[in-house]
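Report on one structure; see the data block that follows.
Computed from the coordinates by the stated procedures, all read-outs in this text should not be read as laboratory data. It should be emphasised that the depicted structure is a prediction, and the values quoted were computed from it without experimental measurement. Heads up, the Cβs are rebuilt from the backbone with ideal geometry, glycines too, and the neighbour counts pull from every protein chain shown.
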Amino acid sequence: MREVFRGTGILLHVPALMALLSLPIAWWSDQSNGLWPLLITAAVAITLGQFLLLLGRGAQTFHRYQSMQIAAISWTLIALIGALPFWLGAQLAPTSALFESISGFTSTGLTIIAAPSELPAYLQWWRSLTQWVGGIGVILLLIAVLPAERGALNLYFSEAREEKILPTVKATVRMIWLIYIAYTVAGIVLLWLVGEPLWRAVNHGMTAIATGGFTITDDSLFSAPMAVQLAYLPLMIFGAISFLVHYRLVVDRQTPAKVWRFDEVRIFVWVLVVGAILLIGQHWLAGRSGEMVSLVFMWVSAVTTAGFATESVASWSDAALLLLLVAVLMGGMAGSTSGGLKLLRVGILLKDLAGQLREFRASAHEVVTVRHNAQRVSPKIMGELGRIAARLVGVFMLLWLLGVFVMLQFLPAGTPLAYVFFETASALFNSGLSSGLVGPDMPASAVGVLSILMLLGRLEIFPLLVLFAWAFGRQVIRRN
């Protein structure tokens, strides 16, 4: 346990650093009453972090199993600590404050706050900062600044990261942060140039590249002009593109033709284009009037799991809502800031299916191969990749259905089932789009269920399952 204590203690310094960096916002906005919630947050994080570091003296290298425990415990504690400014500053109920914190750090974007525009500036900033840090991951922040150690690789993978860009984890993380910061600054400038007020451009630029969806407006982007809505599209798309692809295009200066060879890139583009056409066509067939730009925006927001909205999906038909739900489930690219199952896994499952079908119709002496990322591989190799992807997809689907069942126990009778499915998927797959169920009037028990689902989805389930299995195993040992 020393390794777990030490790793968790290190990571708890992230919310402390965030709170201290937020102090100038409260001071600058003449909201001195906001200094105390931030100082208390920093003090709690530092005190608990140092205490855990003391317990973890003499710890060895983090192994994969321990890293998953560290990820699960630290994300839970960071979300609890991150709720303090909402609880102390906005006087939110503890469950609501925790929900808002988890939604921020998991870059989901569901909100329990009815009027974000009325929040003090330091809390508006705190919401945006939690999403900006959470979009890229609290573990990646620590790896970037701490001395390199062998356990960093295990911590890197424990936060649902799949590929290294550079030979070492530290170099990879620093490159990711450089790309992330550059896109954030570019996004803020773009939004400001198209007419967003500077404060709104700063906050929304951070949450857009994090594919988070928190806004400091009360109606998301309903009232935003068309030019402003169009400016958000590249930010959401860039946030949903793998940092590996960004690196290849920006740093390695590879041509788009080389990047196009990767299956996930092609799937992402096709999903964006074909899905938007289908959504527009469905609205046209249903005889519903709607701005084409708004519909494209909603589709991109769903695919990238950004969570911004330009209209209410509660007024959509079940067919349109189902189409949007499919986008939420798929999500963006692996190694990006978006949620969902990830298009990489969707592509692997499709390639595996194609390989099996080719084997069925192949002759006895025919050599069957499947093209995967510009290479020819055997159906056996694709089958192994497919089984790994199918295992995670299956667990996600079962957890989604379980979440729907539990939510139905707490929601009022007569709540549309389609909305329950959509809202639960939005939480589990870190989308943030809402049918209107999430709000100040949602029962506290339902708020708690969605909070757990957001955490499970952000860590892709297994770290929290590992923690549960460890805790349950200890209980069994004690009883015996």
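In table form, for the structure just shown:
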read-out	value
Where labels lie 7 Å past Cα in the beta-carbon direction, separation of GLN409 and SER315 in nm	3.7
Label selected from [x] 73, 59, 52; [y] 84, 73, 52; [z] 78, 48, 37, the criterion being Cα extents along the principal axes in Å as computed here	[x]
For the stretch 360-407 versus the stretch 1-20, the gap between their alpha-carbon centres in whole angstrom	37
Simple Cβ-charge dipole of the chain, Lys/Arg +1 and Asp/Glu -1, about Cα centre, in debye nearest 20	1840
Distance-filtered residues of the stretch 214-241 - backbone nitrogen under 17 Å, label point 7 angstrom along SER117 Cα→Cβ	214-226, 228-229
Gain upon complete extension [ASP30, VAL189; 0.36 nm per residue less C-alpha separation]	54.7 nm
Diffusion constant of the stretch 251-299 at 4 °C, which comes from Stokes-Einstein with the Kirkwood Cα-pair radius and 1.567 mPa s, µm²/s	103
Whole-number percent relative contact order across the stretch 303-430, with pairs defined as alpha carbons under 8 Å at least 6 apart	25
Relative contact order (percent, whole number), the chain, Cα cutoff 8 Å, 6+ residue spacing	17
FRET efficiency estimate (nearest 0.05) - Cβ-Cβ, ARG376 to MET226, R0 35 angstrom	0.15
Global form of the stretch 251-356, assessed from the alpha-carbon gyration tensor, a/c cut-off 1.5	prolate
Sorted by Cβ density within 10 Å, fewest first, the residues ARG345, ARG253, ARG376, ARG248	ARG253, ARG376, ARG248, ARG345
The stretch 376-439: relative contact order as a whole-number percent, Cα under 8 Å and 6+ apart	23
Fewest-first ranking of ILE452, ILE10, ILE348, using other Cβ atoms within 10 Å as the exposure measure	ILE452, ILE10, ILE348
Dipole axis of the chain (+1 Lys, Arg; -1 Asp, Glu on Cβ), positive-most option in LEU98, HIS283, LEU54	LEU54
Ranked list, fewest to most other Cβ atoms within 10 Å of each Cβ, for VAL173, VAL368, VAL251	VAL251, VAL368, VAL173
Segment MET292-THR217, extension gain: residue separation times 0.36 nm, minus the distance between their alpha carbons	24.7 nm
